[in-house]
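> I have a structure I would like to understand better, so I am pasting it below and will then ask my questions one at a time.
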Amino acid sequence: MPDDAKENMGETVAESLFEAPPEAEQERMVEAILFASAEPVSIADMNARMPHGADASVAVQHLQKRYEGRGVAVVKVGEAWAIRTAPDLGFLMRKETVETRKLSRAAIETLAIVSYHQPVTRAEIEEIRGVSVSRGTVDQLLELEWIRFGRRRMTPGRPVTFVVTQGFLDHFGLESARDLPGLRELRAAGLLDNRPPPGEGTDEAEDEDEDQTDMFVSDDEEEEDDE
């Protein structure tokens, strides 16, 4: 047998040894990965766990359709995927709430500015708020892992920027920052009022001592609010 024929036969045998699992089996694998993971999982991570030849991107799309109308849904969070409670059933999770997260008004305003203006520098945040941003406010948001450091600006001093994290998107059930509600929706949900803009007649000390608010609560309570 010619060498070329032997080589082609060898490639055929090798390919058969790594034949991709059936599509239904790939869906089961993706389902198992998402169900067992507490954090959203990227397509690349799923492919790395699945057998050679499997395509997680196709499997997750089929799985998403299969879960339509069920008690849980396959949702995209940033560049990753997760299994989450169906949006209209979030109220059922209310009894599971064990902790309420409270942020100061300064932290809420800082988080909102980062969300809507990212990537944004500390100086830009202060310019928008009209008052200084304390290190404690930024540290609190970093510790919550709702914001993170972005790329440095190619400007004098090369200031660091801030952007929201995938954890922030997951907490509020958003696929991306583009899905953030507008001012009208925020006011309709009772998350904004008509008080004067921050910084008018206040200084940093007064701003940081504002009463805390329950706008940012535990995951399950926030799901109920979003509904």
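The values are calculated or read from the model by the stated rules, or taken from the named source; none is laboratory data. Note that the coordinates shown come from a computational prediction; the quantities given were computed from them, not determined experimentally. All Cβ positions, even for glycine, are placed from backbone atoms using ideal geometry, and neighbour counts span all protein chains on display.
> Please report, ordered by residue number, the helices (runs of 4 or more DSSP H) entirely within the stretch 55-136 with at least 3 residues that are under 19 Å from the mean Cα position of the chain (by Cα) and closer than 19 Å to THR165 by Cβ. Walk me through it before giving the result.
Working: elements: 56-66, 105-117, 122-129.
Fully inside the stretch 55-136 and qualifying: 105-117.
> Inspect the stretch 106-117 for any residue being surrounded by fewer than 17 Cβ atoms within 10 Å (Cβ to Cβ), in the same structural domain as THR161 (by TED's automatic domain parsing) and at pLDDT below 90 and give the result as yes or no.
As a first pass, look at the stretch 106-117 and keep what is surrounded by fewer than 17 Cβ atoms within 10 Å (Cβ to Cβ): 116-117.
Keeping just the survivors that are in the same structural domain as THR161 (by TED's automatic domain parsing) gives 116-117.
Applying the additional criterion that residues be at pLDDT below 90 yields 116-117.
Yes, that holds for at least one residue.
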